[in-house]
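Structure first, commentary second.
The values are calculated or read from the model by the stated rules, or taken from the named source; none is laboratory data. On a predicted model such as this, the values are computed, not experimentally measured, just so you know. Every residue, glycine as well, gets a Cβ built from its backbone with ideal geometry; the counts of neighbours run over all protein chains shown. To get the accessible areas, we keep the full protein, side chains included, count just its heavy atoms, and leave off ligands, DNA and RNA. Shrake-Rupley method; radii C 1.70, N 1.55, O 1.52, S 1.80 Å.
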Amino acid sequence: MYKAKAYSAASEKSVLASTRIERRDPTENDVQIDILFCGICHSDLHQARNEWKESFATTYPVVPGHEILGRVAKVGSAVTKFKAGDLAAVGCLVDSCGVCAECKQSMEQFCTNFTLTYNSPDKISGGMTYGGYSDSVVVNQKFAYKVPSTLDPAGAAPLLCAGITTYSPMHHWGVTKGKKVGIVGLGGLGHMGVKFAHALGAHVVLFTTSPNKKEDALRLGADEVVVSRNANEMAKHAGSFDFILDAVSADHDINAYLHLLRRDGNLTLVGAPEKPLAVAAFNLIFGRRSLSGSPIGGTIETQEMLDFCGKHNLTADVEVIPIQKVNEAYDRLQKADVKYRFVIDMASLKSEG
Ligand SMILES: NC(=O)c1ccc[n+]([C@@H]2O[C@H](COP(=O)([O-])OP(=O)(O)OC[C@H]3O[C@@H](n4cnc5c(N)ncnc54)[C@H](OP(=O)(O)O)[C@@H]3O)[C@@H](O)[C@H]2O)c1
Ligand SMILES: [Zn+2]
Ligand SMILES: [Zn+2]
């Protein structure tokens, strides 16, 4: 084992603070990565503050962070995918059973025995896994991805969660040219959703509660922007969408969006608010509409998404911050005040004792 610097929360009421954690020495299939950048996902905030306690309680101390990008420092003897000095990225998963039907199809996000990058029992070292708010991480090469060298590294880090979480359901539900696609919420996930839907050729409508985000949404690739608190603007789109991706982090009325789907249209929830959402049955019954959810993506699809981003030069719009500003960033994230992803520059961890 070796010591790594990190930021952790000690309880749901604590702010994040500097700490030291233990990482395992790389085993034969592991890569040890010096972390350059780590994005701040709203899931980090939900878990640091134990907002998912009903379904997925947090074990403290927690080191959040699953949008990790860095440089390979060391590789185990059986590693073929990377060598020291390569760029490598890690997302929300660091392990899975490898033998179930889902794993065999590289859909590890559905494995019932996966290991999340943080706040998950660590099957190799014991204790809990620790995430990317740290200067170093060790991971099996299967769960480390190659990053196209043309992409800005800080902007590429959020692809590992915000990117794959929006890319995967669009592929599953067949977002292509000619489809009308809605994206709800212009945050980290939502802004990647807009970029992907646009790159896939769809007609993109962004729904926001923040009228001041309108120009940005158009610049990011939306064809239309609807301020969702305006009932008249909403009514104009009734029954017209093939697909809507809901990326809202807090309680909101999804019936207002179900109603906008056409026959057989689908609304996929990727946002995971603390409290259950109410669904009016007739909004699904009329129009045979469907409501579903989607978690991140598997290993093959994640690499495919990164390669797609390389080809289309797609990255997140980021605000790069030193780790000492992480608590301030959380407070701003809570207020939907981010353009459009905070990313921690891990060089700032060097000054911590
Ligand atoms: N399914 C998965 O695998 C997965 C993966 C990652 C994250 N998530 C979840 O997805 C959600 C979004 O994550 P994120 O990192 O993109 O968060 P984020 O950057 O904070 O964005 C959330 C956006 O939701 C909108 N919003 C916030 N509060 C609202 C309210 N009370 N009513 C209506 N709209 C509101 C805001 O957009 P506007 O200002 O435009 O309204 C805000 O920018 C979180 O719940 C997160 O945990 C799920
Ligand atoms: Zn995330
Ligand atoms: Zn499995």
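A compact table of results
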| read-out | value |
| --- | --- |
| Per residue, in Å², the accessible surface of segment 162-290 once ligands and nucleic acids are set aside, probe 1.4 Å | 43 |
| Pairwise FRET efficiency - Asp25 versus Lys83, Cβ, R0 = 22 Å, nearest 0.05 | 0.80 |
| Solvent-accessible surface ranking, highest first, for Ile296, Ile285, Ile323 at 1.4 angstrom | Ile285, Ile296, Ile323 |
| Per-residue [θ]222 nm for the chain (sum of -39500 (n - 2.57) over DSSP H runs n ≥ 4, rounded to 500) | -6000 deg cm²/dmol |
| Cα-centre dipole for segment 158-243 with unit charges at Cβ (Lys and Arg positive, Asp and Glu negative), debye to 20 | 40 |
| Inverse mean reciprocal Cα-Cα distance (Kirkwood Rh) of segment 34-95, Å | 13.4 |
| At q = 0.10, 0.12, 0.13 Å⁻¹, base-10 log of I(q)/I(0) for segment 98-189 (Debye sum, equal scatterers on each alpha carbon) | -0.38, -0.54, -0.64 |
| Within the chain, percent of DSSP bridges classed antiparallel, to nearest 5 | 55 |
| Equivalent ellipsoid semi-axes - Cα gyration tensor, segment 239-305, angstrom | 23, 16, 9 |
| Where only alpha carbons of segment 1-110 are counted, the Rg and the Dmax (Å) | 15.7, 43 |
| Nearest 10 degrees, 0 to 90: helix 162-172 Cα axis against the chain principal axis | 50 |
| Paramagnetic reach from Asp122 (point 7 Å along Cα→Cβ, amide N under 15 Å) across segment 30-51 | 30-33 |
| 10 °C / 1.306 mPa s Stokes-Einstein diffusion coefficient of segment 167-266, Kirkwood radius on C-alpha pairs, µm²/s | 121 |
| Furthest towards positive pole of dipole, Pro158, Gly193, Pro148, structure part segment 142-257, Cβ charges | Pro148 |
| Relative compactness, segment 273-353, computed as alpha-carbon Rg over 2.2 N^0.38 Å | 1.64 |
| Simple spin-label estimate for Asp34 and Lys311 in nanometres, 7 Å along Cα-Cβ | 3.3 |
| Full-extension gain in nm, Thr209 to Arg71, via 0.36 nm per residue minus C-alpha separation | 45.9 nm |
| Using θ = phi - 60° and Karplus 6.51 cos²θ - 1.76 cosθ + 1.60, couplings along segment 336-345 (whole Hz; Gly, Pro as x) | 6, 10, 8, 10, 10, 8, 7, 10, 8, 7 |
| Cβ charges +1 (Lys, Arg) and -1 (Asp, Glu), total dipole of segment 1-156, debye | 280 |
| Apportionment of accessible area to carbon and sulfur, the chain, percent (1.4 Å) | 53 |
| Check: the chain dipole with +1 on Lys, Arg Cβ and -1 on Asp, Glu Cβ, in debye | 360 |
| Surface/4 estimate of mean projected area, convex hull on alpha-carbon atoms of the chain, nm² | 16.8 |
| Over segment 217-353 - Rg/Rh using Cα atoms and the Kirkwood inverse-distance radius | 1.03 |
| Residue among Pro26, Val279, Leu87 farthest towards the positive dipole end of the chain, charges placed on Cβ | Val279 |
| Accessible area of Asp317 in the full protein assembly, 1.4 Å probe (Å², nearest 10) | 40 |
| Cα-Cα over 32 Å, subset of Lys177/Lys339; Lys104/Lys325; Lys5/Lys339; Lys74/Lys213 | Lys104/Lys325; Lys74/Lys213 |
| For Cys41, residues with placed amide H under 5 Å, excluding near neighbours | His66 |
| Given Lys142/Lys335; Lys3/Lys195; Lys3/Lys311; Lys195/Lys236; Lys53/Lys123, the pairs whose alpha carbons are separated by over 32 Å | Lys142/Lys335; Lys3/Lys195; Lys3/Lys311 |
